[in-house]
1. When you scan region 67-87, do you find a residue that is in contact with a Gly (Cβ under 6 Å, 6 or more places away or on another chain), loosely packed, with under 15 Cβ neighbours inside 10 Å and not in a strand (DSSP E or B), even just one?
2. Restricting attention to region 38-55, report how many residues are surrounded by 16 or more Cβ atoms within 10 Å (Cβ to Cβ) and in a loop (DSSP other than H, G, I, E, B).
3. Given the condition assigned to a strand (DSSP E or B) and under 22 Å from Thr15 (Cβ atoms), answer yes or no: does some residue in region 106-125 qualify?
4. I need every pair where a residue in region 44-57 that is touching a residue at least 60 places away in the same chain (Cβ under 8 Å) has its Cβ under 8 Å from the Cβ of a residue that is part of a loop (DSSP other than H, G, I, E, B), sequence separation at least 6 or different chains.
5. With the structure loaded, tell me whether Val145 is surrounded by 16 or more Cβ atoms within 10 Å (Cβ to Cβ) and within 25 Å of Ala25 (Cα to Cα) or whether it fails that test.
6. From Leu91, Leu134, which residue is in contact (Cβ under 8 Å) with a residue 60 or more places away in the chain, within 24 Å of Pro28 (Cα to Cα) and crowded, with 16+ Cβ neighbours inside 10 Å?
7. It is to be established whether one or more residues within region 99-118 are touching a residue at least 12 places away in the same chain (Cβ under 8 Å), under 17 Å from Met143 (Cβ atoms) and in contact with an Asp or Glu (Cβ under 6 Å, 6 or more places away or on another chain).
8. Just to check your reading of the model, which residue among Leu13, Leu35 is surrounded by 12 or more Cβ atoms within 10 Å (Cβ to Cβ) and either within 30 Å of Leu141 (Cβ to Cβ) or modelled with pLDDT under 90 (or both)?
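The values are calculated or read from the model by the stated rules, or taken from the named source; none is laboratory data. Worth saying up front: this structure is predicted, and the values here are computed from it rather than measured. Here the Cβ positions follow ideal geometry from the backbone for every residue, glycine too, while neighbour counts run over all protein chains shown.
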Amino acid sequence: MRGLDAKPRHHPLTTLAESVDAYLASHPEPKRADLGRLHERFKSLFPGQPVSYFDGLDDNGKVVANPTLGYGTHALEYANGASKQTFKLGLSANKTGISIYVMGIIDKTLLESRFQDRLGKAKITGYCIRFGKLADIDVNLLMDVIANVIHRRCD
């Protein structure tokens, strides 16, 4: 998967902001509205930092993931010592709903053990929070959880 340091891939006549807008607009309602609400709230967690866009393709054009919007930056370190820049917080639509990726969590049981029973109808695994629609979850708790983890590293 390409990191933030990879050359951005969007149509040469569009800007990154236009690619982000097109990604958000490409989803049917009500998912489009939910993604838009989360996008605006996530941008507020990283004031002055640009949003990144990963199109889900590897360097050979093969689909390897769902397209993802990224907020903030995080140095992802591999066991072999290699590292790459990626997002701190990711937002991605999937066939059944929305996934949020909170990178940099050391304790992979933290989110699930502390918040699974309180967040609502969501599936939490490691660094991913997955749900069908915003109406299924406690959005204020979601934002508190994310802000606490990304700014305080509560693990």
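1. No, every residue in region 67-87 fails to be in contact with a Gly (Cβ under 6 Å, 6 or more places away or on another chain), loosely packed, with under 15 Cβ neighbours inside 10 Å and not in a strand (DSSP E or B).
2. Number of matching residues: 2.
3. no
4. Note: pairs meeting the criteria are Leu45/Gly72.
5. So Val145 fails the test.
6. Criteria check complete, one pass: Leu134.
7. Yes, that holds for at least one residue.
8. Leu35
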